[in-house]
Amino acid sequence: MRNLRLEISRKIFHVVSILFLLVPLYLWGRYSITILMALMLVVIFPISYFKIKNRFTLWFWQIIEWVERDKNLKMPARQAFSLAIGMLISSLIFDEKILQISIISTAVYDGFATIFGLLFGKHKFPWGKSLEGTLGGVVLNAMALTLIIPINYAVIISIFIALVENFSNSNKWFLDDNLLIPVLSGVCSYFLLK
């Protein structure tokens, strides 16, 4: 039960914190995301890597205690760093519209596919993901994307992201879905929408 609660808490934090990136994107443009992700890498990475614990870093360790899996405590927030690299790359390459798609897809698909899989997953793929989680992620991501792009493109992008996420591997940072989804959803969107 704790694992289910932890995973759902992690994914809700994942969805909310990533969708929050839309605020600076709308207010100040794509380079605000570049700056935020660079700051995240420069400031938070050393705190995590060197395990710096003091009154200035207390907030970071409280978040880690709340949302990090036990198996990831050796290098806390590693997946957040993968996300920061993916969003940094996306913010440097793509325009605001495509960056919106990357942000929404990373937050909504990844977050809700896991929640649906945990709660309703009965048909598991050999690599551990579930059909129900994948379908739930595709449907919710497509619905979210229809707020900014036509439904046919939203569905295509969502299915593509499902494939990326299902074949990603969080054991290798360069294959982590938090790195791949922002970049590859941007690439897919670029070719569809341009």
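Taking 0.36 nm per intervening residue step and subtracting the Cα-Cα distance, what contour gain separates K74 from W59 on full extension?
On the way: separation 15, 0.36 × 15 = 5.40 nm, distance 1.84 nm.
3.6 nm is the gain from fully extending K74 to W59.
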FRET efficiency, 1/(1 + (r/R0)^6) with R0 35 Å, evaluated for V42 and K124 via beta carbons: 0.35
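From the alpha carbon gyration tensor of the range 9-113, can you work out the equivalent ellipsoid semi-axes (sqrt of 5 times each eigenvalue) and give them in Å, largest to smallest?
On the way: eigenvalues 117, 52, 26 Å².
Working from the Cα gyration tensor, I get semi-axes of 24, 16, 11 Å.
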Over the range 109-163, relative contact order from alpha-carbon pairs under 8 Å, at least 6 apart, %: 33
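Let me spell out the model: positive unit charges on the Cβ of Lys and Arg, negative unit charges on the Cβ of Asp and Glu, origin at the Cα centre of the chain. What dipole size does that give, in debye rounded to 20?
Details: 18 positive and 11 negative charges, 107 e Å.
Using Cβ point charges on Lys, Arg, Asp and Glu, the chain gives about 520 debye.
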Binned Cα-Cα distance frequencies in the range 69-154 - 10 Å width, integer %: 17, 35, 37, 11, 0
Under 19 Å between alpha carbons - lysine pairs in the chain that sit 8 or more apart or on different chains: 10
For the chain, built as a Gaussian network whose Cα springs stay under 10 Å, the top-fluctuating residue of I104, I161, I151: I151
Protein-only accessible surface order, largest first, of R5, R55 at 1.4 Å: R55, R5
Dipole of the chain, positive direction: furthest Cα of C188, F112, W61, with charges on the beta-carbon: W61
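Ignoring ligands, DNA and RNA, how do Y109, Y153, Y190 rank by accessible area with a 1.4 Å probe, largest first?
Values: Y109 0, Y153 70, Y190 105 Å².
Ranked list, largest accessible area first: Y190, Y153, Y109.
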Solvent-accessible area, 1.4 Å probe, carbon plus sulfur percent, for the chain: 71
Length-normalised contact order for the chain - Cα pairs under 8 Å, 6+ apart - percent: 24
Accessible area (Å², per residue) of the chain, counting only protein heavy atoms and a probe of 1.4 Å: 54
Built amide H within the under 5 Å cut-off of S130, gap 5+: F125
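The values are calculated or read from the model by the stated rules, or taken from the named source; none is laboratory data. It should be emphasised that the depicted structure is a prediction, and the values quoted were computed from it without experimental measurement. We place every Cβ from the backbone using ideal geometry, glycine too, and count neighbours over all the protein chains shown. These area figures cover heavy atoms from the full protein model, side chains too; ligands, DNA and RNA do not enter into them. Shrake-Rupley method; radii C 1.70, N 1.55, O 1.52, S 1.80 Å.
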